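Please treat every number below as a calculation from the coordinates, not as lab data. No experiment lies behind these values; they were computed from the predicted model shown. When we count neighbours, we look across all protein chains shown, and the Cβ atoms used for this are built from the backbone with ideal geometry, even at glycine.
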Amino acid sequence: MRQVILDTETSGLDFEKDRIIEIGCLEIVDGVYTGKKFHNYYKPDNITISSDSEQIHGLNNSFLSKFPTFDSSVQDFLEFLNDSQLIIHNVQFDLSMINESLKRMSIKQIEKKNTICTLELAKKKFPGSKNNLNALCRRFDINLDSREKHGALIDSFLLLEVYNELLGGKQKKLDLSIQSSTSKQNLLRVNSKKHILVNITNQEISDHNEMLKNMKKKIWVD
C-alpha cells in the first residue's frame, strides 16, 4: 500500500488569503520509506509573509521570489501524490491550504477520507497531553537536532518516525547487512529508529567463518 507523508509551510494561517510556500512529501510503501520524496519552495504570489510565520519557518519573500507559485506548479505535486493516502499532522490545516489552491485552479479537491491525521491519532492515544510534533518527538525520543526552524521536508521525516511510533513502532526491525566501503572496511548496519554503525575487521570475519566451519563439522560429522 502506497502512502505519502506530507507537510507544508505557509505565508500565514488564513487558508483563503495565505499561500503554500514550501511542501515536503515522502513516499512510503507498506509502512517503509522508499527513498522517493517531493520537496519544493514557492513564492506566495503578492502576499507578504507575516513576521510571526517567518519566525516559525525562516522563509521570507526575498528568498522565495525566484520560485514559481504553488498554484502554477500544483500538477507536479498531484502527479507525485498519485491518489495515495496522505498522512498529515493536523489534516484540517494543510488540506484546507492545498484544497484552496486546487479550487482556485478549478481542479478536483482532495477528500478528507483519503487522509490520516496523526494529530488526531496522538490525541486519542495521549489524551490531555501536548501532541504537537515537537512534543511527540520528545515523547518517542526522536532526535530534534535538525529542527532549528520548522521545515516541510525536515518535519516530514520527523512525522514519518512519529507515525511509526503511533502505530507501535512497526518499522523497528533488525535488518542486518554487510557492506563494503571504498576503503574496504566492512560495516554492519542495524536499521532501527536510531542507526548503529559497527566496524568489523577482516580478522573478525575470518574468525567468524572459522567458527561456522567448526560448527558444521560437529553437526554433520560423526
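Please go through region 108-163 and write out the trypsin sites (Lys or Arg not before Pro) that DSSP classes as loop and that have at most 10 other C-beta atoms within 10 Å.
Working: sites: Lys108, Lys112, Lys113, Lys123, Lys124, Lys125, Lys130, Arg138, Arg139, Arg147, Lys149; in loops: Lys108, Lys130, Arg147, Lys149.
Within region 108-163, the qualifying trypsin sites (Lys or Arg not before Pro) (loop, at most 10 other Cβ atoms within 10 Å) are Lys108.
Net charge in the neighbourhood of Asn61 (other residues with Cβ under 14 Å of its Cβ; Lys, Arg +1, Asp, Glu -1) is -2.
For region 86-130, relative contact order (Cα pairs under 8 Å, six or more residues apart, normalised by length) works out to 51 percent.
Could you give the length gained by full extension between Lys149 and Ser96, i.e. 0.36 nm per residue of separation minus their alpha carbon distance, to one decimal place?
Values: separation 53, 0.36 × 53 = 19.08 nm, distance 2.26 nm.
Roughly 16.8 nm would be gained on extension.
Name the shape class, rounded, prolate or oblate, that the alpha-carbon gyration tensor gives for region 1-142, where a ≥ b ≥ c are the square roots of its eigenvalues, rounded holds for a/c under 1.5, and otherwise prolate holds if a/b is larger than b/c and oblate otherwise. Please report the intermediate quantities before stating the final value.
Numbers: a/c = 1.68, a/b = 1.26, b/c = 1.34.
Taking the square roots of the gyration eigenvalues as a ≥ b ≥ c, region 1-142 is oblate.
For a modelled paramagnetic label at Gln55, 7 Å from Cα along Cα-to-Cβ, the residues of region 1-36 in reach, with backbone nitrogen under 15 Å, are 12-13.
Summing charges over neighbours of Leu13, with a neighbour being any other residue whose Cβ is under 12 Å away from its Cβ, gives -4 when K and R count +1 and D and E count -1. Couplings for region 91-104, taken from phi via the Karplus curve 6.51 cos²θ - 1.76 cosθ + 1.60 with θ = phi - 60°, read 4, 4, 6, 4, 5, 4, 5, 5, 5, 5, 5, 4, 4, 5 Hz in order; Gly and Pro are left as x.
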